[in-house]
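Asks: One structure, pasted below without further comment.
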Amino acid sequence: MSKASQIKHYWHNLFEYAIFIKGLFGVLETINGFLMLFISKGALNNISSILVDSELSEDPHDFLINFLAQSIQNLSFNIKIFVIVYLLFHGLLNIFLAVQLYRNKIWAYMFAIEVIMIFVIYQIYRIFLYHSAFLAVVTIFDILLIVLIWHERRHIKNKLKID
């Protein structure tokens, strides 16, 4: 195997792993969206308490755990609906895009790039607003995913011209 074909193979594998991760996160987001749909605020507080109390007993000043606990306690109905809609929409969209990219649908490459770019812009806005390190990591992953999708699309288009 030549050096150039090894590099192409590496890029393709990286693309497939990234799409798998994006699809998996889509499944998790969708499941969480449905769970939030059926879980009451009281039950959510109880679950949060069970998960958070042991962590806070070890480190009562843990910023992330305190932030999550306070966010769940202050969750209003409107915010809950927004979170549910966002998780379901974003999760189902990620699943759809991952499946279409795995199926090598040419139209899906540019569509995925455009959709992910819209979410990246929104995520950057949220990062500046709330200084979320987690969202920054997700945004970096999405930007890298855009590069991988663009590279894979270019490779497929070149292959189709040759064949």
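The values are calculated or read from the model by the stated rules, or taken from the named source; none is laboratory data. Given the structure is predicted, the values throughout are model-derived calculations rather than measurements. Because the Cβ atoms are built from the backbone with ideal geometry, glycine has one as well, and the counts that use them run over all protein chains shown.
Asks: Restricting attention to segment 130-163, which residues are at pLDDT 90 or above and more than 18 Å from A108 (Cα to Cα)?
Replies: Of everything in segment 130-163, those that are at pLDDT 90 or above and more than 18 Å from A108 (Cα to Cα) turn out to be A136, V137, V138, T139, I140, F141.
Asks: Being modelled with pLDDT of 75 or more and among the small types (G, A, S) is true for just one of S40, S54. Which residue is that? Show your work before the answer.
Replies: On the way: S54 fails: modelled with pLDDT of 75 or more.
The conditions single out S40.
Asks: Taking the condition farther than 30 Å from K159 by Cα, of a type outside the set (D, E, K, R), surrounded by 13 or more Cβ atoms within 10 Å (Cβ to Cβ) and in contact (Cβ under 8 Å) with a residue 12 or more places away in the chain, does N94 pass?
Replies: no
Asks: Do we find a residue being among the charged types (D, E, K, R) and over 22 Å from the mean Cα position of the chain (by Cα) anywhere in segment 65-80? Please lay out each step first, then the result.
Replies: Taking segment 65-80 and keeping what is among the charged types (D, E, K, R), we get 80.
Filter again for over 22 Å from the mean Cα position of the chain (by Cα), leaving none.
No, there is no match, as no residue in segment 65-80 is among the charged types (D, E, K, R) and over 22 Å from the mean Cα position of the chain (by Cα).
Asks: When you scan segment 1-30, how many residues do you find that are under 19 Å from F89 (Cβ atoms) and free of Cβ contacts under 8 Å to residues at least 12 places away in the same chain?
Replies: Residues that pass the stated criteria total 1.
Asks: Does F128 satisfy the condition of being surrounded by fewer than 12 Cβ atoms within 10 Å (Cβ to Cβ), of a type in the set (A, V, I, L, M, F, W, C) and either within 26 Å of G42 (Cβ to Cβ) or touching a residue at least 24 places away in the same chain (Cβ under 8 Å) (or both)? Before the answer, list the steps.
Replies: Working: surrounded by fewer than 12 Cβ atoms within 10 Å (Cβ to Cβ): yes; of a type in the set (A, V, I, L, M, F, W, C): yes; either within 26 Å of G42 (Cβ to Cβ) or touching a residue at least 24 places away in the same chain (Cβ under 8 Å) (or both): no.
Criteria not met by F128.
Asks: Then there is this: For V147, are the conditions met, namely being of a type outside the set (S, T, N, Q), over 20 Å from N32 (Cα atoms) and out of contact with any Ser or Thr (no Cβ under 9 Å at 6 or more places or on another chain)? Show your work before the answer.
Replies: Working: of a type outside the set (S, T, N, Q): yes; over 20 Å from N32 (Cα atoms): yes; out of contact with any Ser or Thr (no Cβ under 9 Å at 6 or more places or on another chain): yes.
For V147, the condition - of a type outside the set (S, T, N, Q), over 20 Å from N32 (Cα atoms) and out of contact with any Ser or Thr (no Cβ under 9 Å at 6 or more places or on another chain) - is met.
Asks: Only residues in segment 38-53 that are at negative phi count as the first member; pair them with residues that are among the basic types (K, R), Cβ under 9 angstrom, at least 6 apart or cross-chain, and list the lot.
Replies: Every condition considered, the pairs that remain are K41/K80; L44/K80.
Asks: Can you find a residue in segment 9-22 that is within 18 Å of E152 (Cβ to Cβ), more than 22 Å from the chain's Cα centre (by Cα) and assigned to a helix (DSSP H, G or I)?
Replies: Yes: one or more hits.
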